[in-house]
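Visitor: Next up is a structure, given as structure tokens.
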Amino acid sequence: IESVTGGNAKAENYKLTGETKTFDIAKKAVKPAIDAIADQTYTGAKIEPTVTVTCDPALTETTDYTVEYKDNIDAGTATVTIKSVADSGYKFDDVSAQFTINPLEVAVTWDTAALTYTGEAQAPTATATGVSGETLKLKVDGAQTDAGTGYKATASLESVTGGPAQAQDRPHNG
């Protein structure tokens with residue numbers, strides 16, 4: 001007993017029973033959301049845009065949630081997921097959002113537009129440079145045999161080789 005007041009009151013005159021109580025504090029259920037993520041552009045490497053999580057109350061990355069990315073290398077649709085941290089005072093189901101990875105636009109370089117008649121089908125040579133050690137092989141359509149002017153050649157992407165080895169679907173923590 002901390003204190004007894006009034007008259008001749010004395011703490012020694014009292015003995016408490018049931019002075020301890022076990023109690024729990026439940027995790028607070030929250031509903032976080034991931035703000036829209038701007039479109040990204042292919043780089044040849046994992047793309048992990050900053051994620052803005054909105055929630056009331058505000059949550060803190062690594063303390064309350066972790067961030068994981070999936071399918072975040074190649075052009076297409078990627079996914080980011082936030083997951084509740086076990087030791088957090090908040091609980092929520094995983095929340096995911098998608099973002100787009102757009103193809104990287106690369107310029108085609110042509111070797112020459114002036115060829116000399118050989119009697120064989122010919123067209124200018126086209127090249128383009130990829131990222132991260134990737135080699136782009138182009139196909140050129142529109143080869144001509146006869147001498148003339150105004151012919152049109154068109155380049156298209158035939159294949160891509162090389163580039164660094166990538167580990168996909170790895171969690172990002174921090």
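The values are calculated or read from the model by the stated rules, or taken from the named source; none is laboratory data. Keep in mind that what you see is a predicted model, and the values were worked out from it rather than measured. Glycine gets a Cβ as well: all are built from the backbone with ideal geometry, and neighbour counts include every protein chain shown. These accessible areas exclude ligands, DNA and RNA; they are computed on the full protein's heavy atoms, side chains included. Shrake-Rupley method; radii C 1.70, N 1.55, O 1.52, S 1.80 Å.
Visitor: Could you check how many residues of the range 56-99 are closer than 12 Å to Lys31 by Cα, among the hydrophobic types (A, V, I, L, M, F, W, C) and without any contact (Cβ under 8 Å) to a residue 40 or more places away in the chain?
Guide: Counting residues in the range 56-99 that are closer than 12 Å to Lys31 by Cα, among the hydrophobic types (A, V, I, L, M, F, W, C) and without any contact (Cβ under 8 Å) to a residue 40 or more places away in the chain gives 2.
Visitor: Right, something else. Can you find, within the range 71-100, the residue that is farthest from Thr41 (Cα to Cα) among those that are in a loop (DSSP other than H, G, I, E, B) and not acidic (Asp, Glu)? I'd like the intermediate steps shown before the answer.
Guide: Taking the range 71-100 as the starting set, the residues that turn out to be in a loop (DSSP other than H, G, I, E, B) are 71-75, 85-89, 92-94.
Retained after the next criterion (residues that are not acidic (Asp, Glu)): 72-73, 75, 85-86, 88-89, 92.
Details: Asn72: 11, Ile73: 10, Ala75: 8, Val85: 30, Ala86: 34, Ser88: 34, Gly89: 37, Phe92: 31 Å.
The extreme case among them is Gly89.
Visitor: Filter the range 106-137 down to the residues that are within 37 Å of the chain's Cα centre (by Cα) and over 14 Å from Ala155 (Cα atoms), then identify the one that is surrounded by the fewest Cβ atoms within 10 Å (Cβ to Cβ). Before you say what the answer is, go through the steps one by one.
Guide: So the first thing to find is which residues in the range 106-137 are within 37 Å of the chain's Cα centre (by Cα), and the list is 106-110, 125-137.
From what's left, over 14 Å from Ala155 (Cα atoms): 130-135.
Values: Gly130: 18, Val131: 15, Ser132: 13, Gly133: 10, Glu134: 16, Thr135: 13.
My answer is Gly133.
Visitor: Are there any pairs with C-beta distances below 9 angstrom linking a residue in the range 123-137 that is touching a residue at least 24 places away in the same chain (Cβ under 8 Å) to a residue that is among the charged types (D, E, K, R) and assigned to a strand (DSSP E or B), with the two at least 6 apart or on different chains, and if so which?
Guide: As it stands, the answer is Ala123/Asp141; Ala126/Lys139; Leu136/Glu158; Lys137/Glu158, since those pairs meet every condition given.
Visitor: Now, a different point. Out of the residues in the range 54-102 that are touching a Pro at 6+ places or on another chain (Cβ under 8 Å) and among the polar types (S, T, N, Q), which is most open to solvent (accessible area, probe 1.4 Å)?
Guide: Looking at residues that are touching a Pro at 6+ places or on another chain (Cβ under 8 Å) and among the polar types (S, T, N, Q), I get Thr54.
Visitor: Select from the range 148-171 the residues that are surrounded by 11 or more Cβ atoms within 10 Å (Cβ to Cβ) and not in a strand (DSSP E or B) and write down the one among them that is modelled with the lowest pLDDT.
Guide: Per the stated criteria, the residue is Arg170.
Visitor: If a residue must be open to solvent by less than 90 Å² (accessible area, probe 1.4 Å) and either under 30 Å from Ala58 (Cα atoms) or over 58 Å from the mean Cα position of the chain (by Cα) (or both), how many such residues does the range 1-40 contain?
Guide: Here the count works out to 17.
Visitor: Filter the range 41-55 down to the residues that are farther than 28 Å from Ser132 by Cα and either within 10 Å of the chain's Cα centre (by Cα) or in contact (Cβ under 8 Å) with a residue 24 or more places away in the chain (or both) and list them by number.
Guide: Val53, Cys55
Visitor: Between Ser84, Ser96, Ser132, which is farther than 20 Å from Pro32 by Cα and of a type outside the set (Val, Ile, Thr)? Please lay out each step first, then the result.
Guide: Numbers: Ser84 fails: farther than 20 Å from Pro32 by Cα; Ser96 fails: farther than 20 Å from Pro32 by Cα.
Only one candidate passes the filter, namely Ser132.
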